[in-house]
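Engineer: Below is one structure. I have some questions about it.
The values are calculated or read from the model by the stated rules, or taken from the named source; none is laboratory data. Since we're looking at a predicted model, the values are computed, not measured. Cβ sites come from the backbone with ideal geometry, for glycine too, and all protein chains shown count toward neighbours.
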Amino acid sequence: MAEQKQAFPGWHGTTIVSVRKGSQVVVAGDGQVSLGNTVIKHGAKKVRRLAGGSVIAGFAGATADAFTLFERLEAKLEQYPNQLMRSCVELAKDWRTDRYLRRLEAMMIVVDASDSLVLTGTGDVLSPDEGVTAIGSGGNYALSAALALLDSEASAKDIARKAMEIAAKICVYTNDKVTLESLEAKE
């Protein structure tokens with residue numbers, strides 16, 4: 001019998017959402033870490049600051065892979081200071097072509113004062129049209145909620161919190177223990 005390739009379970013472990021509104025950009029992530037159908041941890045921090053605090057990144061996927069990507073991104077940000085887009089493109093090139101990195105199973109949202117980007121292992125560096133993006137198992141729920149709230153009077157922080165709250169009510173791999181980081185954005 002041919003061995004079946006196991007589907008990547010890492011996408012079922014998180015929700016990350018980013019909202020850019022007014023003078024603020026926010027990245028929020030839940031704290032749940034799941035292994036199969038078991039919750040291993042409730043308060044993981046999947047959103048962190050990089051480049052001396054001027055960049056915020058959040059990840060969805062395999063934890064060890066995400067830490068590797070954080071380290072590689074930090075190195076690119078040091079190599080290309082104040083050039084988030086270039087740093088992310090260079091990371092995406094490495095991620096796509098390097099034999100070791102190619103096996104990493106994660107996605108990232110990375111923001112600074114002027115750019116919001118989604119990075120994937122297929123070489124994508126994507127910038128959302130509306131200033132809102134989300135990844136992970138509850139990403140589509142959080143994205144829909146955030147887009148619906150974008151025209152409201154709510155702040156970027158409030159929109160991100162509400163979007164995460166809605167995702168946590170729908171996605172069994174997302175909880176309500178939210179880590180939220182924000183920066184003042186360039187309008």
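Engineer: Name the one entry in Gly123, Gly131, Gly138 that is out of contact with any Leu (no Cβ under 9 Å at 6 or more places or on another chain), within 22 Å of Val89 (Cβ to Cβ) and small (Gly, Ala, Ser).
Structural biologist: Going through Gly123, Gly131, Gly138 in turn, the sole match is Gly123.
Engineer: Return yes when Ser152 is among the hydroxyl-bearing types (Ser, Thr, Tyr), at pLDDT 95 or above, over 22 Å from Gly43 (Cα atoms) and surrounded by fewer than 21 Cβ atoms within 10 Å (Cβ to Cβ) and no when it is not.
Structural biologist: Against the criterion (among the hydroxyl-bearing types (Ser, Thr, Tyr), at pLDDT 95 or above, over 22 Å from Gly43 (Cα atoms) and surrounded by fewer than 21 Cβ atoms within 10 Å (Cβ to Cβ)), Ser152 qualifies.
Engineer: Then there is this: Just checking, which of Ser87, Ser114, Ser137 is among the polar types (S, T, N, Q), touching a residue at least 40 places away in the same chain (Cβ under 8 Å) and touching a Lys or Arg at 6+ places or on another chain (Cβ under 7 Å)?
Structural biologist: Criteria check complete, one pass: Ser114.
Listed here are the residues, each with its yes/no results for (1) at pLDDT 90 or above; (2) surrounded by 13 or more Cβ atoms within 10 Å (Cβ to Cβ); (3) assigned to a loop (DSSP other than H, G, I, E, B).
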residue	(1), (2), (3)
Asp65	no, yes, no
Leu73	yes, yes, no
Leu77	yes, yes, no
Trp95	no, yes, no
Ile109	yes, yes, no
Gly123	no, yes, yes
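Engineer: OK, next. In segment 45-63, which residues are more than 22 Å from Ser114 (Cβ to Cβ) and surrounded by fewer than 18 Cβ atoms within 10 Å (Cβ to Cβ)?
Structural biologist: Answer for segment 45-63, where residues must be more than 22 Å from Ser114 (Cβ to Cβ) and surrounded by fewer than 18 Cβ atoms within 10 Å (Cβ to Cβ): Lys45, Thr63.
Engineer: Of all the residues that make up segment 97-107, how many are assigned to a strand (DSSP E or B) and out of contact with any Ser or Thr (no Cβ under 7 Å at 6 or more places or on another chain)?
Structural biologist: 1
Engineer: Could we say that Asp129 is charged (D, E, K, R), under 20 Å from Arg48 (Cβ atoms), surrounded by fewer than 20 Cβ atoms within 10 Å (Cβ to Cβ) and out of contact with any His (no Cβ under 6 Å at 6 or more places or on another chain) here?
Structural biologist: Considered against the rule, which asks whether it is charged (D, E, K, R), under 20 Å from Arg48 (Cβ atoms), surrounded by fewer than 20 Cβ atoms within 10 Å (Cβ to Cβ) and out of contact with any His (no Cβ under 6 Å at 6 or more places or on another chain), Asp129 comes out as no.
Engineer: For Lys41, work out the one condition from (1) without any contact (Cβ under 8 Å) to a residue 40 or more places away in the chain; (2) touching a Phe, Trp or Tyr at 6+ places or on another chain (Cβ under 7 Å) it doesn't fulfil.
Structural biologist: (2)
Engineer: Now for a separate question. Among the residues of segment 5-42 satisfying the criterion of being assigned to a loop (DSSP other than H, G, I, E, B) and under 27 Å from Ala148 (Cα atoms), which is modelled with the highest pLDDT?
Structural biologist: Asp30
Engineer: Another question about this same structure. Give the residue, chosen from Glu130, Glu181, Glu90, Glu153, that is assigned to a helix (DSSP H, G or I) and among the charged types (D, E, K, R).
Structural biologist: Only one candidate passes the filter, namely Glu90.
Engineer: Given (1) under 21 Å from Asp30 (Cα atoms); (2) part of a helix (DSSP H, G or I); (3) among the aliphatic types (A, V, I, L, M); (4) touching a Leu at 6+ places or on another chain (Cβ under 6 Å), where does Ala57 come up short, assuming only one miss?
Structural biologist: Result: Ala57 fails condition (2) only.
Engineer: Let me ask you something else. Which numbered condition in (1) modelled with pLDDT under 95; (2) within 22 Å of Ala160 (Cα to Cα); (3) surrounded by fewer than 24 Cβ atoms within 10 Å (Cβ to Cβ) is the only one that Ala2 fails?
Structural biologist: Unmet condition: (2).
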